[in-house]
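Below: the structure, in structure tokens.
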Amino acid sequence: MPGSIKLPKLHVVLLYTMGWMGGHLHEFIIGDRNFGMPDQDYPQIGLEREDRVTLAAALGSLKIFRYLYDFGDGWEHRITQQSPI
């Protein structure tokens, strides 16, 4: 994935990869920061807006992050950077 991809687009890529149609809240946990789209019905303290953040800017030197999807069912994925072959 290019580092220039913005987090909302990465969310869509992950949805398609998993075969999901969307419709649930999601969150990226990258280091000690949490990114997502704020929801008035479910406010989260410390949640940063994801819509202007690229993957590279969020990751910095990190090579791993967590992606949470569908808070009711609690899907949590650990995403890592693989070394080029």
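Data table
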| quantity | calculated |
| --- | --- |
| Selection from the range 19-55 of residues that are loosely packed, with under 14 Cβ neighbours inside 10 Å, in contact (Cβ under 8 Å) with a residue 24 or more places away in the chain and within 17 Å of Arg78 (Cα to Cα) | Gly31 |
| Selection from the range 1-18 of residues that are surrounded by 14 or more Cβ atoms within 10 Å (Cβ to Cβ), in contact with a helix residue (DSSP H, G or I) (Cβ under 8 Å, 6 or more places away or on another chain) and not charged (D, E, K, R) | Ile5, Leu7, Leu10 |
| Unique residue being under 10 Å from the mean Cα position of the chain (by Cα) and of a type in the set (Ser, Thr, Tyr) when the list is Tyr16, Tyr67 | Tyr67 |
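Yes or no, residue by residue, for (1) among the charged types (D, E, K, R); (2) assigned to a loop (DSSP other than H, G, I, E, B):
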| site | (1), (2) |
| --- | --- |
| Phe35 | no, no |
| Gln40 | no, yes |
| Pro43 | no, yes |
| Arg52 | yes, yes |
| Phe65 | no, no |
| Leu68 | no, no |
| Asp73 | yes, yes |
| His77 | no, no |
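Values in this text are rule-based calculations from the coordinates and carry no lab data. Not measured: the values here are computed from a predicted model. All Cβ positions, glycine included, derive from the backbone under ideal geometry; neighbour counts span all protein chains shown.
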